[in-house]
Amino acid sequence: MFISAVQIQKTIIQKKMRSTAKTVFLFIGLTIIATACQEEKTPPAFTPMETASLIPQPVETTQGQGYFEIDEETQILVEGEDPEMKKAVDFLEGMIAKASGFTLQEPSGNSNAMENIIVLKLDDPTGSASAEAYTLDINEKRIQVSSAGPAGIYYGIQTLRQLLPASIEKDSTSSTRLGIGAGVIKDEPRFAYRGSMLDVSRHFFSKEDVKRYIDLITPYKLNHLHLHLSDDQGWRIEIKSWPELTTKGGSTEVGGGDGGYYTQEDYKEIVQYAAAHFITVVPEIDMPGHTNAALASYPELNCDDKAPELYTGIEVGFSSFCVGKPITYKFIDDVVREISAITPGKYFHAGGDESHATQKDDYIKFVDSVQKIVSRHDKVMIGWDEIQFATLDSTTVAQFWASAENANGAVSKGHKLLISPASKMYMDMKYDSLTPLGLKWAGYIEIDDAYNWDPATYVKGITDKDILGVEAPLWAETLETIDQVEQMVFPRILAYAEIAWSPSTSKDWESFKARVKNNYPRLENMGIDFYKSPKL
Ligand code: ACM
């Protein structure tokens with residue numbers, strides 16, 4: 001083949017041009033890769049651990065250097081065997097997936113050598129450490145949550161949740177990077193029982209509402225949900241051996257609305273949902289007073305065998321079971337038996353408050369008998385503080401709500417107290433004179449009133465060792481919707497959660513005030529309709 005000198009020249013020029021173009025493309029390509037690499041190295045926004053607005057305040061926080069970032073390659077490793085660990089793992093995985101769309105990965109190598117990993121480690125459970133205490137250790141390479149029990153691991157995860165950006169609380173995934181400031185938190189609860197009570201009797205709240213309530217209280221490490229399941233205005237739990245309790249007794253509520261009730265299947269679903277969040281349900285059947293709904297359903301529970309009308313007002317103290325009739329105790333045995341069979345927690349709350357329509361001697365005999373029934377069904381009884389008049393097993397717990405004298409009486413008889421003073425902890429009390437919802441018979445409770453007191457000094461003669469825990473009740477005479485519940489509960493419940501968990505020595509109103517304010521975006525992202533206190 002003949003190739004002219006001109007053609008050779010052209011070919012050389014073309015080759016040179018191609019090679020120059022290649023070099024340019026290579027350069028551009030490398031620049032893009034380099035830029036991408038550089039972008040990946042940009043640190044995510046993160047809150048340094050010591051400035052994070054954690055509620056409840058942990059026992060000890062030590063800030064470290066740098067941050068950990070959860071991304072699509074972050075792995076999760078569980079060390080230690082316990083079937084309950086699945087609940088903590090599911091919560092963590094669900095939280096990350098919802099926030100970012102990332103699925104935490106199975107680890108592929110030796111865990112000690114691994115980076116970009118979250119380790120959930122059950123320490124030796126035979127040690128003396130509380131199963132709710134935890135250590136959260138975060139550095140650039142790994143996050144480790146360790147505890148003697150799955151509950152502690154779960155609480156460590158709740159703290160981790162508050163160290164992540166507020167956007168993780170939104171319902172939808174967001175592109176915000178998940179940076180977490182490094183450091184170590186060592187934490188444990190002050191009180192074993194940290195609860196809230198929801199009155200589903202005065203107004204009925206659906207199973208879905210109760211689940212939302214559980215979602216809203218779990219970030220703050222509460223571990224008991226007391227359901228006030230019966231009162232004058234409504235009976236809210238199916239009892240198969242006494243069906244009229246719900247078909248009739250559950251058919252209305254304050255103001256005359258439709259009421260409602262939980263089937264036993266609904267209740268089991270609530271119990272299971274609560275358990276998935278390390279929350280124990282405490283069922284309450286209030287008696288011998290606050291029983292009009294039951295008395296209206298079954299004439300034989302009345303001394304004159306005549307059923308009263310259903311009641312939709314908000315007075316108290318007018319109803320009583322017929323204390324002298326054997327059928328009353330047969331009825332109570334059936335109720336306690338059926339509810340206990342679907343309640344895995346150890347407590348059964350038998351009410352006992354404001355029994356103004358029951359003679360005192362009758363009241364004492366009645367409470368004694370009920371306590372024996374509750375024990376027979378393998379539950380520990382809790383009752384409002386008036387129950388201390390009866391002669392009870394020392395394991396029975398008295399819930400102090402009104403009378404310091406009763407609280408002292410209970411302690412002198414060896415009972416532990418659940419602390420719920422109405423003037424400090426009743427979340428249905430108005431915040432101030434402008435609050436549209438709620439009542440005010442125990443006074444106004446602003447956020448600073450809710451925070452600035454201590455359960456161990458509130459009643460003279462009572463100290464930490466007498467206290468099982470604290471519980472914030474919400475009565476629902478004026479509350480019809482879960483939105484209204486949220487307005488009364490938030491932000492006060494943050495104060496109660498901190499009182500229940502954090503050591504009294506760390507109490508600091510200025511710090512708490514700032515932390516609650518900094519939590520507003522989180523509460524907003526959780527869709528909570530909360531009260532914006534002028535005190536904050
Ligand atoms: C109560 O508030 N009657 C316990």
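The values are calculated or read from the model by the stated rules, or taken from the named source; none is laboratory data. Remember, it's a predicted structure, so these values are computed and weren't measured experimentally. Every residue, glycine as well, gets a Cβ built from its backbone with ideal geometry; the counts of neighbours run over all protein chains shown. The accessibility values were calculated without ligands, DNA or RNA, using every heavy atom of the protein model including side chains. Shrake-Rupley method; radii C 1.70, N 1.55, O 1.52, S 1.80 Å.
How about the range 138-157: which of its residues are free of Cβ contacts under 8 Å to residues at least 60 places away in the same chain and within 16 Å of residue 62 (Cβ to Cβ)?
144, 145, 146, 156
Among 298, 311, which is the only one that is within 20 Å of residue 228 (Cα to Cα) and surrounded by 15 or more Cβ atoms within 10 Å (Cβ to Cβ)?
311
Please return the ranges of helices (runs of 4 or more DSSP H) entirely within the range 424-504 where 3 or more residues are hydrophobic (A, V, I, L, M, F, W, C).
Once the helices (runs of 4 or more DSSP H) in the range 424-504 are filtered for at least 3 residues that are hydrophobic (A, V, I, L, M, F, W, C), what remains is 482-489, 492-501.
Scan the range 412-432 and report the pairs whose first residue is without any contact (Cβ under 8 Å) to a residue 12 or more places away in the chain and under 21 Å from residue 463 (Cα atoms) and whose second residue is open to solvent by 10 Å² or more (accessible area, probe 1.4 Å) and within 12 Å of the ligand (Cβ to nearest atom), with Cβ atoms within less than 9 Å and a gap of 6+ or a chain change.
From the range 412-432, no pairs qualify.
Residue 505 is checked against (1) away from the ligand (no atom under 16 Å from the Cβ); (2) surrounded by 15 or more Cβ atoms within 10 Å (Cβ to Cβ) and fails just one. What number does that condition carry?
Just one mismatch for residue 505, condition (2).
Take the residues in the range 337-361 that are more than 15 Å from residue 284 (Cβ to Cβ) and in contact (Cβ under 8 Å) with a residue 60 or more places away in the chain, then tell me which one is surrounded by the most Cβ atoms within 10 Å (Cβ to Cβ).
Filtering the range 337-361 for residues that are more than 15 Å from residue 284 (Cβ to Cβ) and in contact (Cβ under 8 Å) with a residue 60 or more places away in the chain, the one surrounded by the most Cβ atoms within 10 Å (Cβ to Cβ) comes out as 358.
Have a look at 153, 138, 143 and point out the one that is β-branched (Val, Ile, Thr) and under 23 Å from the mean Cα position of the chain (by Cα).
153
Give the residues of the range 294-330 that are touching a Lys or Arg at 6+ places or on another chain (Cβ under 8 Å) and either free of Cβ contacts under 8 Å to residues at least 24 places away in the same chain or within 16 Å of the ligand (Cβ to nearest atom) (or both), sorted by residue number.
299, 303, 314
If you take the residues of the range 408-459 that are polar (S, T, N, Q) and open to solvent by 10 Å² or more (accessible area, probe 1.4 Å), which of them is nearest to the ligand (Cβ to nearest atom)?
423
Return yes or no: is residue 146 of a type in the set (S, T, N, Q) and open to solvent by less than 40 Å² (accessible area, probe 1.4 Å)?
Considered against the rule, which asks whether it is of a type in the set (S, T, N, Q) and open to solvent by less than 40 Å² (accessible area, probe 1.4 Å), residue 146 comes out as yes.
Could you tell me whether residue 470 is in contact with a strand residue (DSSP E or B) (Cβ under 7 Å, 6 or more places away or on another chain), away from the ligand (no atom under 13 Å from the Cβ), of a type in the set (Val, Ile, Thr) and open to solvent by less than 30 Å² (accessible area, probe 1.4 Å)?
yes
List the strands (runs of 3 or more DSSP E) that sit entirely inside the range 49-123 and contain at least 1 residues that are of a type outside the set (A, V, I, L, M, F, W, C), over 24 Å from residue 277 (Cα atoms) and in contact with a strand residue (DSSP E or B) (Cβ under 6 Å, 6 or more places away or on another chain).
In the range 49-123, the matching strands (runs of 3 or more DSSP E) lie at 60-70.
If I go through the range 473-502 residue by residue, how many of them are open to solvent by 10 Å² or more (accessible area, probe 1.4 Å), of a type in the set (S, T, N, Q) and away from the ligand (no atom under 16 Å from the Cβ)?
3
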